[in-house]
Amino acid sequence: YKLSLDSDGALDVEKCQLPRKVEGSGANSLTFLSDSRRLAVAQPHGLVSVVELDTFEVQSSFRPSDYHGSQAGLLSAPRPLALSRLEVSQDGQWLATFSLDGSIHIWSLESGRHHASLPQLPARVTAMRFAPPQSLTQQHLVLVTAENKVYLFEVEGKKLSSFPSGNTSTPDSLVNSSHHCWGLTFNPMNPSSVILCSNAFLCHVDFNKKVSASKPVEESKRSRKRKGREEGGEGSGPENFKIIDKYSPIIAAEYLSGDNLLIVERPWLQVIAQLGGTLYRKRFGR
């Protein structure tokens, strides 16, 4: 849909028709490019199409499954791999694709060519996003795994590293959590600052700050929540990788303009209230 304002200031909604070969097969994932003039569409059969929204014509198409398991060249895959996620860099130069088998590929949107295939990580990737250009010295793709560990992939140099690096590891309070992070969002006012999102907590990470090697004091979840309320919801743990468990359960979190973070909660009591009554089954012989 295209949104615009008419001469009276009223909102006009117009349904747009995508190319037939894109619209006919549906989509697993959609994402606008940074200029909002192009739309990347991941189709169920594994094809990615970039649609020019001024003319509604397909600008380029590629199939990540053609590079399945290959670091340098073209290989034929036994069958197309469905894509579940697309991410575009803010400068509109790079596109990252995530397949259901866990493979991640990066493409150059300028040339339409395959650029890199990421190596297999120890755990499944649950969230990924390109870091803003101002956050790090080079363009990086930030990845979070099911173990709640953070990895950085330098796009130009094709190098994968963990954060924190060296002898310092991710705090146990995050790694040992039973809830995995499913999203991340960068602070537009401080591009090196990122919020990792899970259903039960938020975790603040700053790539320009060191991570303390000391382990945090063990606290119960109730103690952490009480401490968070007393300190205004600042959370617990080390200065970097600080856990904020004031909100729960979280279904969405995203930075808006400025320093404002939008958080959407869905309390379980509201979910339970909409459930039907319990089923009764008569048991004979008692």
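Among the residues of the range 32-48, count how many are surrounded by fewer than 17 Cβ atoms within 10 Å (Cβ to Cβ) and either under 13 Å from W107 (Cβ atoms) or among the charged types (D, E, K, R) (or both).
2
Would you check which residues across the range 115-147 are basic (K, R) and buried (at least 17 other Cβ atoms within 10 Å of the Cβ) and list them?
R129
Which ones in the range 1-13 are outside any loop (DSSP other than H, G, I, E, B) and either of a type in the set (S, T, N, Q) or open to solvent by less than 100 Å² (accessible area, probe 1.4 Å) (or both)?
Let us first name the residues in the range 1-13 that are outside any loop (DSSP other than H, G, I, E, B), namely 2-5, 11-13.
Within the range 1-13, S4, D12, V13 qualify.
The values are calculated or read from the model by the stated rules, or taken from the named source; none is laboratory data. None of the values given here were measured: they were computed from a predicted structure. Every residue, glycine as well, gets a Cβ built from its backbone with ideal geometry; the counts of neighbours run over all protein chains shown. Protein only, heavy atoms only, side chains kept; ligands, DNA and RNA dropped before computing areas. Shrake-Rupley method; radii C 1.70, N 1.55, O 1.52, S 1.80 Å.
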